[in-house]
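A.B. asks: Structure incoming, see below.
The values are calculated or read from the model by the stated rules, or taken from the named source; none is laboratory data. Everything quoted here is computed from the prediction, not taken from an experiment. Ideal geometry is used to build each Cβ from the backbone, glycine not excepted, and the neighbour counts take in all protein chains shown.
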Amino acid sequence: MAALFCQCDTNYYRSASDRPSASCTRPPSAPVNALSSVNGTSVNMEWSPPSSTGGRSDIRYNVICRKCAWESSQCEACGNRIRFNPKQMGLTEPAISVINLLAHTNYTLKVEAVNGVSDLSLEPRQFISLNVTTNQAAPSQILVIKQENTSQNSVTLMWHEPDQPNGIILEYEIKYFEKGKEQQSYSTLKARGTSVTVSNLKPGTRYVFQVRARTSAGCGRFSQTVEIETGKSVSLRYDTTTIIWICFALVTGLIVLLAMFICKKRRCGYSKAFQDPDEEKMYYQNGHLRFPDPKIYVDPHTYEDPSQAVREFAREIEASRIKIEKVIGSGEFGEVCYGRLKLPAKREIPVALKTLKSGYTEKQRRDFLSEASIMGQFDHPNIIRLEGVVTRSKPVMIVTDYMENGSLDSFLRRHDGQFTVIQLVGMLRGIAAGMKYLSDLGYIHRDLAARNILVNSNLVCKVSDFGLSRILEDDPDAAYTTTGGKIPIRWTAPEAIAYRKFSSASDVWSYGVVMWEVTSYGERPYWNMTNRDVIKSVEEGYRLPAPMGCPAALHQLMLDCWQKDRNERPKFIQIVSVLDKLIRNPTTLKIIDTTSRLNSPFLNRNIPNFTSFASVDEWLDVIKMGRYKDNFAAAGYLSLGLVMRMNIE
Ligand code: AMP
């Protein structure tokens, strides 16, 4: 009798639902042509079906997500916060969106193809994998707000940190308004912790509250609204004498307050004493935002007693609140350590501790602490943040936020070629935003360079190094100039080198050099040229060429920052807006200026006078580009005539 069905060969199978007479089939090969696009903390992925379906039509896809460490190749499961759209397993269409990933994190996404007999096979499943790095994203929404306390004039609210902070929460913004009157007026209040007391409310009035978190990536969505009614006021009866006394006390109080206010304004210009450090109010009335008076940076040198400036701008921290854990660097005045700071009613946070070495003179102590009184005046996500100072015990310390990745120049050198252009532009955008803030306050940095930018674990860049003496003493790249003073030549604008004309426009020049350092992953500007040659070449119109693979738009921005006439250079506000546009339209970053490396001596767009040179090699030597002789020869530029035509073309 003939057999009703055939046995399958090794590695071929029939699924339980296949008819016994059906052909034997096998698992499919891996999907092919996988593509991904990252949008903040979401990844969209598409792929094509496998080349071999194994003889079946019931192909499905499973997606496996692994989160990988930056420094090593170690990966772990992505956790259950992540969402897969439409689903993670058994996909019928070759596409998926993975959402709710962490910001600035490396992920490996594997797509395996399976069919009805995959479970019967002992062979490993075939998959295709993609490595992606997410970008920065605003924090997620705050989910629960609790009402802690309510009186006639105030309401205390509490909430939890958002599920996905996506970075360090810089502050919370509390928006509130009288119910039904949002269109006319609302107020916002800022708080650093997860609770706030909103005061000066009207009694017996229903208010609506919302809270959102802010990180350096921006603000999250406002929470759902919470409605709270303040307590009713109790009316009091006073006799005439009491009313007269109350009025008298009020008027006297007002006069004293007014006198104090005028006196403070005259003496100090901007005084922080009038500001609540944690909360800042902003009003929106009749459709107009009203900002507090603009701040101006106060030079601590203008104080007769510099320790007064420290007291005014830096809070004293008790040494017992700090745990010093390890040394991470060395600064001009002593070691820089990593430690932890626990302030009352606050979470413990990691901090950097700049210490003042023992045996210091009074002048060194003053200079050391001057950095704190400068830093303490700033409050911006891209400026290193001062937590406080320790001056009442030893070692004297400056406590700032801890930046896990250290200084930008060495960080980029350690990660040569590892970031996407968008990530690099994101870093540059942060630095430009910090510089815009400083220039708005009237602060001129004078030593803006990648070595003075610090990077945290979320790739947020912060401008640092505000010591008053730093340019004279600290910076190994600074050189003395004929006009006196020590200047970091390679980063400094010609007018600042020549006649010490430092301004926000000279900071813009330095910013252009930082752009070059970032896009070249920490290359030394002007390589091994001497300082003297750098000054001479720049004076003659030479500008740094675009680093390899640098988008033309970024190099153009650098060239704009290096305009000889400082009035022609862009302002930081314009630089931020150009970078924002590039980030929004990443295709504009795909245009690479491939000729710029060879064209570099002419980037001032003047045609040089070739008649004084005998050969291409001689000309390259004179313009300090001798190391490109082989490139010119290989490209066929054997005569100056050909070089001239290349330049004109
Ligand atoms: P500075 O005296 O500011 O130049 O600091 C010396 C070195 O200490 C820097 O180059 C960094 O490597 C390290 N450092 C300084 N401040 C911090 C910080 N806030 N977080 C992490 N490392 C820091």
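A.B. asks: Anything in the range 405-427 that is within 16 Å of the ligand (Cβ to nearest atom) and acidic (Asp, Glu)? List them, or say none.
C.D. replies: Scanning the range 405-427 gives a single hit, Asp409.
A quick yes/no check of all residues on (1) out of contact with any strand residue (DSSP E or B) (no Cβ under 8 Å at 6 or more places or on another chain); (2) of a type outside the set (D, E, K, R); (3) over 25 Å from Tyr297 (Cα atoms):
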| residue | (1), (2), (3) |
| --- | --- |
| Ser320 | yes, yes, yes |
| Lys326 | no, no, yes |
| Val336 | no, yes, yes |
| Lys357 | no, no, yes |
| Glu362 | yes, no, no |
| Asp367 | yes, no, no |
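A.B. asks: To continue, here is another question. Please state which of the following conditions Gly430 fails to meet, knowing it meets all the rest: (1) within 16 Å of the ligand (Cβ to nearest atom); (2) outside any helix (DSSP H, G or I); (3) out of contact with any Leu (no Cβ under 6 Å at 6 or more places or on another chain); (4) not hydrophobic (A, V, I, L, M, F, W, C).
C.D. replies: Of the numbered conditions (1) within 16 Å of the ligand (Cβ to nearest atom); (2) outside any helix (DSSP H, G or I); (3) out of contact with any Leu (no Cβ under 6 Å at 6 or more places or on another chain); (4) not hydrophobic (A, V, I, L, M, F, W, C), the odd one out for Gly430 is (2).
A.B. asks: Is it the case that the range 192-202 has a residue that's within 32 Å of the chain's Cα centre (by Cα), more than 10 Å from Glu173 (Cβ to Cβ), without any contact (Cβ under 8 Å) to a residue 40 or more places away in the chain and buried (at least 16 other Cβ atoms within 10 Å of the Cβ)?
C.D. replies: yes
A.B. asks: Looking at the range 201-231, which of its residues are at pLDDT 90 or above and out of contact with any strand residue (DSSP E or B) (no Cβ under 8 Å at 6 or more places or on another chain)?
C.D. replies: Across the range 201-231, the qualifying residue is only Pro203.
A.B. asks: How many residues are free of Cβ contacts under 8 Å to residues at least 12 places away in the same chain and under 17 Å from Ala372 (Cβ atoms) if we restrict to the range 304-336?
C.D. replies: Selection size over the range 304-336: 3.
A.B. asks: In the range 450-476, what residues are in contact with a helix residue (DSSP H, G or I) (Cβ under 7 Å, 6 or more places away or on another chain), within 12 Å of the ligand (Cβ to nearest atom) and modelled with pLDDT under 90?
C.D. replies: Hits for the range 450-476 are Gly467, Ser469.
A.B. asks: Still on this structure, please answer the following. Every residue in the range 59-118 that is at pLDDT 90 or above and at positive phi, please.
C.D. replies: Residue satisfying the conditions is Gly90 alone.
A.B. asks: Quick one: which of Glu332, Glu362 is within 9 Å of the ligand (Cβ to nearest atom) and either touching a helix residue (DSSP H, G or I) at 6+ places or on another chain (Cβ under 8 Å) or over 20 Å from Glu404 (Cα atoms) (or both)?
C.D. replies: Residue meeting the stated conditions: Glu332.
A.B. asks: Let me ask something else. Looking at Tyr443, Tyr402, Tyr437 in this structure, which one is within 10 Å of the ligand (Cβ to nearest atom) and aromatic (Phe, Trp, Tyr)?
C.D. replies: Tyr402
A.B. asks: What's the number of the only condition in (1) touching a residue at least 24 places away in the same chain (Cβ under 8 Å); (2) closer than 30 Å to Asn11 by Cβ; (3) of a type in the set (Lys, Arg) that Arg81 fails to meet?
C.D. replies: For Arg81, the exception is condition (2).
A.B. asks: Tell me which residues, restricted to the range 324-350, are among the basic types (Lys, Arg) and modelled with pLDDT of 95 or more.
C.D. replies: Selection gives Arg340, Lys342.
A.B. asks: Working only within the range 501-537, note down all residues that are part of a helix (DSSP H, G or I), surrounded by fewer than 19 Cβ atoms within 10 Å (Cβ to Cβ) and charged (D, E, K, R).
C.D. replies: Scanning the range 501-537 gives Arg532, Asp533, Lys536.
A.B. asks: Among the residues of the range 338-348, write down those that are more than 9 Å from the ligand (Cβ to nearest atom) and surrounded by 15 or more Cβ atoms within 10 Å (Cβ to Cβ).
C.D. replies: Matches in the range 338-348: Gly339, Arg340, Leu341, Leu343.
A.B. asks: Let me ask something additional. Quick check on my filter: what residues within the range 404-425 are surrounded by fewer than 22 Cβ atoms within 10 Å (Cβ to Cβ) and assigned to a helix (DSSP H, G or I)?
C.D. replies: Asp409, Ser410, Phe411, Arg413, Arg414, Val421, Ile422, Gln423, Leu424
A.B. asks: Next up: Exactly one of these conditions fails for Ala372: (1) in a loop (DSSP other than H, G, I, E, B); (2) more than 9 Å from the ligand (Cβ to nearest atom); (3) touching a residue at least 60 places away in the same chain (Cβ under 8 Å). Give me its number.
C.D. replies: (1)
A.B. asks: Quick check on this structure: which one of Glu112, Glu148, Glu173 is under 30 Å from Lys87 (Cβ atoms) and not in a loop (DSSP other than H, G, I, E, B)?
C.D. replies: On inspection, the qualifying residue turns out to be Glu112.
Yes or no, residue by residue, for (1) surrounded by fewer than 17 Cβ atoms within 10 Å (Cβ to Cβ); (2) at pLDDT below 65; (3) farther than 30 Å from Ala137 by Cα:
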site: Arg569; (1), (2), (3): no, no, yes
site: Ile591; (1), (2), (3): yes, no, no
site: Asn604; (1), (2), (3): yes, yes, yes
site: Ala633; (1), (2), (3): yes, no, yes
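A.B. asks: Taking Arg392 and the conditions (1) of a type outside the set (Val, Ile, Thr); (2) part of a loop (DSSP other than H, G, I, E, B); (3) under 28 Å from Ala103 (Cα atoms), which numbered condition does it fall short on, given that it satisfies the others?
C.D. replies: It fails just one condition, (3).
For (1) within 30 Å of Val421 (Cβ to Cβ); (2) touching a strand residue (DSSP E or B) at 6+ places or on another chain (Cβ under 6 Å); (3) loosely packed, with under 12 Cβ neighbours inside 10 Å, each residue gets a yes or a no:
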site: Tyr13; (1), (2), (3): no, no, no
site: Arg26; (1), (2), (3): no, no, no
site: Gly40; (1), (2), (3): yes, no, no
site: Ser52; (1), (2), (3): no, no, no
site: Asp58; (1), (2), (3): no, no, no
site: Ala69; (1), (2), (3): yes, no, yes
site: Ser73; (1), (2), (3): yes, no, yes
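A.B. asks: Report yes if some residue within the range 92-107 is in contact with a strand residue (DSSP E or B) (Cβ under 8 Å, 6 or more places away or on another chain), under 30 Å from Arg14 (Cα atoms), touching a residue at least 12 places away in the same chain (Cβ under 8 Å) and surrounded by 18 or more Cβ atoms within 10 Å (Cβ to Cβ); otherwise report no.
C.D. replies: Within the range 92-107, one or more residues are in contact with a strand residue (DSSP E or B) (Cβ under 8 Å, 6 or more places away or on another chain), under 30 Å from Arg14 (Cα atoms), touching a residue at least 12 places away in the same chain (Cβ under 8 Å) and surrounded by 18 or more Cβ atoms within 10 Å (Cβ to Cβ).
A.B. asks: Being within 28 Å of the chain's Cα centre (by Cα), away from the ligand (no atom under 16 Å from the Cβ) and either over 20 Å from Tyr443 (Cα atoms) or assigned to a strand (DSSP E or B) (or both) is the filter here, so list the residues in the range 296-320 that pass it.
C.D. replies: Arg315, Glu316
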